[in-house]
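Inspection log for the structure reproduced underneath, given as structure tokens.
The values are calculated or read from the model by the stated rules, or taken from the named source; none is laboratory data. Note that the coordinates shown come from a computational prediction; the quantities given were computed from them, not determined experimentally. With ideal geometry, Cβ positions are generated from the backbone for all residues, glycine too; neighbour counts draw on all protein chains shown.
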Amino acid sequence: MVPEVFWDYCSTNVIVIERMHGIPVSHIDRLIEEGVDLKKLAREGVEIFLTQVFRDGFFHADMHPGNILVSIDPATFGRYIALDFGIVGTLNEFDKDYLAQNFLAFFRRDYRRVAEAHIESGWAPKETRVEELEAAVRACCEPIFDRPLKDFSFGQVLMRLFQTSRRFNIEIQPQLVLLQKTMLNIEGLGRQLDPDLDLWKTAKPLLEKWMGEQLSWRSMLDQFKKEAPRYGHIFPQLPRLVHQALISVSQPKKDEAELLRRLAAEQARINRTLNVILFFGCGVLAGILLIKLLSGLRTLPF
């Protein structure tokens, strides 16, 4: 749940939003007293975060416990209430696709794919050895798999990944710094609500579903519909544009024609020079052969 903004009462220095009622998410005892299912709350927190990142590309980037309430109103019981949107993060389609590929590769323990994705995206230098980067990522992430949140620190994993990034000269994208900060907040929230939460098992089905939707025929059709207005005005012009392109290919521009003329003249000059060199070379060689022949005739006994 997000508070509504009352724009008619807002000004340059004042923002007026809906008043929200709930229990701070860090007040675990009160949530238990009200009968809130903490395990369900933890799972839904992960789902909300992934939905913001991968579906919307727009996420709350300041999700510390002070900005999150839990509703106990009968109509919205157990739902999250997000406050304070002073810091938000945005991701474009490239970022979302890159992150989804990396997360899925992590969850499948396909560290080679993680390394390849970094190099393909240009975030790691092209000369990076895939095997070395794969081994470094494996060393960071393998120890935490199949373990609940209480048994490892996601912050330490991120720190190791940062160290690996520096070692391989990987560029840390600015738009991902807020995402990494938010992931630390999510970890702390999940550790409070359900220390036994398996982050991997919770997130993997959501990511696989999202990737499936991105690669489906319906997604391609939706993308075509979205792009259609942008290119609609081009289609009627296609015959003329094709005609112009063919003319430009068959009739070079003035500059191109002049360049071709100069190249042809230079080639002709070089050919003439080579002909002269060849003529004199043949003459010299013929003279040498003639001299040797005459010398040989003088030595004959007649």
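List pairs: first in region 10-29 and within 18 Å of residue 70 (Cα to Cα), second assigned to a helix (DSSP H, G or I), Cβ under 6 Å, 6+ apart or cross-chain?
So the pair list comes out as 23/30; 23/31; 25/65; 26/65.
Based on what the data block shows, is residue 90 of a type outside the set (A, V, I, L, M), farther than 22 Å from residue 185 by Cα and in contact with a Phe, Trp or Tyr (Cβ under 7 Å, 6 or more places away or on another chain)? If you could, list the steps in order and put the result at the bottom.
Numbers: of a type outside the set (A, V, I, L, M): yes; farther than 22 Å from residue 185 by Cα: no; in contact with a Phe, Trp or Tyr (Cβ under 7 Å, 6 or more places away or on another chain): yes.
So residue 90 fails the test.
For the structure I just gave you, tell me whether residue 130 is of a type in the set (Val, Ile, Thr), assigned by TED's automatic domain parsing to the domain that holds residue 200 and in contact with a Cys (Cβ under 9 Å, 6 or more places away or on another chain).
In short, no.
For the subset of region 57-84 comprising residues that are under 25 Å from the mean Cα position of the chain (by Cα) and closer than 16 Å to residue 17 by Cβ, which member is surrounded by the fewest Cβ atoms within 10 Å (Cβ to Cβ)? Walk me through how you get there before you give the answer.
Keep residues of region 57-84 that are under 25 Å from the mean Cα position of the chain (by Cα), which gives 57-63.
Imposing the further condition that a residue be closer than 16 Å to residue 17 by Cβ reduces the set to 60, 62.
Details: 60: 22, 62: 19.
The qualifying residue surrounded by the fewest Cβ atoms within 10 Å (Cβ to Cβ) is 62.
Does at least one position in region 3-26 carry a residue that is in the same structural domain as residue 90 (by TED's automatic domain parsing), touching a Lys or Arg at 6+ places or on another chain (Cβ under 7 Å), surrounded by 12 or more Cβ atoms within 10 Å (Cβ to Cβ) and not in a loop (DSSP other than H, G, I, E, B)?
Within region 3-26 (the criterion being in the same structural domain as residue 90 (by TED's automatic domain parsing), touching a Lys or Arg at 6+ places or on another chain (Cβ under 7 Å), surrounded by 12 or more Cβ atoms within 10 Å (Cβ to Cβ) and not in a loop (DSSP other than H, G, I, E, B)), the answer is yes, since at least one residue qualifies.
Taking into account only those residues within region 157-198 that are outside any helix (DSSP H, G or I) and charged (D, E, K, R), which is modelled with the lowest pLDDT? Steps first, please.
Initially, region 157-198 is screened for residues outside any helix (DSSP H, G or I), giving 168-173, 194-198.
With the extra rule that they be charged (D, E, K, R), the set shrinks to 171, 194, 196, 198.
Details: 171: 71, 194: 85, 196: 81, 198: 74.
Ranking the qualifying residues of region 157-198, first place goes to 171.
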